[in-house]
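Contents: one structure, followed by commentary.
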């Protein structure tokens with residue numbers, strides 16, 4: 001037993017801090033019956049040490065109260081979730097500080113250039129930094145995926161299915177510099193497509209090559225009503241399993257390679273890569289999704305986190321994947337997410353995104369017009385509340401960062417995009 005001064009001296013904190021924690025109900029030391037003075041047991045000292053440790057990493061009093069409750073109940077997993085959440089907050093702060101340092105360095109570099117300084121450049125840099133900071137801070141889960149975790153797997157399987165008349169999809173394989181081309185011999189002889197052009201098909205990679213021209217979506221059913229705009233109800237998860245299998249096939253991990261699945265949900269994509277021998281880490285902002293993932297894949301490392309501040313050190317992974325999650329980000333946030341993926345990847349790390357995307361701005365406009373004409377409010381509502389990226393812009397950005405890209409279409413909107421660094 002010890003009094004408050006002795007407890008404070010032992011812990012290296014002030015007696016005032018101990019009284020504050022008592023007022024907040026974090027600790028309840030016994031009082032002597034004779035004089036009402038508080039006495040502190042070894043258990044009280046341990047609890048105060050725990051509170052001080054959690055405060056040291058910046059945890060709020062509310063979160064500390066909840067964390068202590070989990071400790072009292074022996075719930076180690078819930079305590080870990082609170083610590084991971086705090087770690088995610090600290091990584092977000094670190095990422096933001098790193099960006100501020102980079103912006104400041106760019107301002108210094110501009111100032112060192114020959115000739116008079118154009119102050120407008122500094123203003124532009126500052127505006128850009130502010131816009132990206134706001135993009136990172138403004139993301140929130142508008143869909144409350146915690147409430148969907150219990151039925152997520154049943155939902156995706158119920159909605160999975162190919163678009164009418166579609167088999168393994170056609171791919172745009174650009175002829176411009178930086179676009180990835182298949183070099184394997186075709187598995188079948190050239191045959192005419194529906195426009196009469198000869199094509200070669202590489203079954204292993206599902207790439208369709210036009211021998212004399214560039215394959216574009218305007219040449220097939222990608223924009224028409226028979227592509228799904230008017231043919232059947234719109235489902236986010238059409239061709240779900242096919243797309244995940246394609247992602248895992250293109251990543252093709254070497255056993256032991258370290259992979260990260262962002263927005264993993266219940267871990268379906270990460271599980272496919274785990275089966276192929278990858279050492280998988282899966283993150284999601286939904287605790288309930290991660291709990292389901294842990295149950296399904298106890299050997300997988302799962303962690304709270306999101307696209308905009310990945311809670312990992314630089315160059316931690318050999319590849320990054322994500323499926324049906326990237327479209328939850330705005331265009332500014334998508335740019336931040338790609339930069340974060342680059343940060344945590346090794347120099348030869350690859351990226352594979354499977355998501356609903358428009359081929360380009362024309363595809364988006366045509367799709368919206370057809371949905372409006374058909375009276376399909378479900379498609380229009382989904383397009384308005386989400387941010388389906390433009391495939392051509394994603395490829396252009398990745399190629400500008402030194403990647404080669406290839407992609408495949410699974411239905412009218414669903415694509416898998418692979419990016420592999422040239423270096």
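Laboratory data are not the source of any read-out in this text; all were calculated from the coordinates shown. Fair warning: this is a prediction, and the values are worked out from it, not measured in the lab. Here the Cβ is made from the backbone with ideal geometry for all residues, glycine too, and neighbour counts use every protein chain on show.
Round to the nearest 0.05 the FRET efficiency obtained for residue 254 and residue 422 when R0 = 22 Å and r is the Cβ-Cβ distance.
0.70
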Here, residue 63 and residue 301, labelled 7 Å along Cα→Cβ, have an inter-label distance in nm of 2.0
Please list, in order, the residues from the range 288-323 whose amide nitrogen is less than 20 Å from a point placed 7 Å along the Cα→Cβ vector of residue 73. 288-295, 304
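If R₀ is 41 angstrom, what is the calculated FRET efficiency for the pair residue 19 and residue 93, using the beta carbon separation as r and rounding to 0.05? Can you show the working numbers first?
Values: r = 30 Å, r/R0 = 0.72.
After rounding to 0.05, the efficiency reads 0.90.
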Apply 1/(1 + (r/R0)^6) to the Cβ-Cβ distance of residue 313 and residue 80, taking R0 = 22 Å, and write down the FRET efficiency to the nearest 0.05. 0.70
Separation in nanometres of the label points that stand 7 Å from Cα toward Cβ, at residue 236 and residue 56: 4.1
